[in-house]
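The values are calculated or read from the model by the stated rules, or taken from the named source; none is laboratory data. Bear in mind the structure is a predicted one, so any value in this text is a computation, not a measurement. Heads up, the Cβs are rebuilt from the backbone with ideal geometry, glycines too, and the neighbour counts pull from every protein chain shown. In case anyone asks, the SASA skips ligands and DNA or RNA and just uses the protein heavy atoms, side chains included. Shrake-Rupley method; radii C 1.70, N 1.55, O 1.52, S 1.80 Å.
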Amino acid sequence: QRLKAAVHYTVGCLCQEVAEDKAMQFGKQSIAAISEITFRQCEIFAKDLEMFARHAKRSTVTSEDVKLLARRSSSLLKYITQKSEELTSSSMEQKKKKKSSAAKGRRTSEEQEADITENEDSNMA
């Protein structure tokens, strides 16, 4: 119920933006109808995504499932593909940063061990 209310609120905000841009008005019944259609379509999308993942013998919906869902809208598919590539490249950069910082941490500990060994050697001499 809260989700449905959030969809209704968002649709109302979007309709208000469009109304300001196009110098027109949306009635309350129109906003309610658009909200209901939007909510029902989202339910259909959720079920389709679940079925795509299940068909691939997975329990997790992936970006490939979302692309498959958006295949009929070329502009939406292009947008989703672009965002997916951006997310992939940013996650790769984060992994590289983690690996390099972990490698630096290992180097410093190795350097510390070398310093300790040198100190022990000099103490023995």
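Do any residues in the stretch 66-79 that are over 16 Å from Ala53 (Cα atoms) have Cβ atoms under 6 Å from those of residues that are open to solvent by 100 Å² or more (accessible area, probe 1.4 Å) and outside any helix (DSSP H, G or I), where the two are at least six apart or on different chains, and which pairs are they?
Here the result reads Leu77/Arg71, each pair linking the stretch 66-79 to a residue that is open to solvent by 100 Å² or more (accessible area, probe 1.4 Å) and outside any helix (DSSP H, G or I).
Between a residue in the stretch 4-27 that is open to solvent by 80 Å² or more (accessible area, probe 1.4 Å) and any residue that is of a type in the set (Ser, Thr, Tyr), which pairs come within a Cβ distance under 9 Å, given they are 6 or more apart or on different chains?
Listed pairs, sorted by first residue: His8/Ser35; His8/Thr38; Tyr9/Ser35.
Scan the stretch 56-82 for residues that are of a type in the set (Gly, Ala, Ser) and open to solvent by less than 100 Å² (accessible area, probe 1.4 Å) and jot them down. Talk me through it step by step, then tell me what you get.
As a first pass, look at the stretch 56-82 and keep what is of a type in the set (Gly, Ala, Ser): 56, 59, 63, 70, 73-75.
Hits for the stretch 56-82 are Ala56, Ser63, Ala70, Ser73, Ser74, Ser75.
Checking the condition farther than 29 Å from Thr88 by Cβ, open to solvent by less than 100 Å² (accessible area, probe 1.4 Å) and of a type in the set (A, V, I, L, M, F, W, C), which residue from Ala46, Ala32, Ala53 passes?
Ala32
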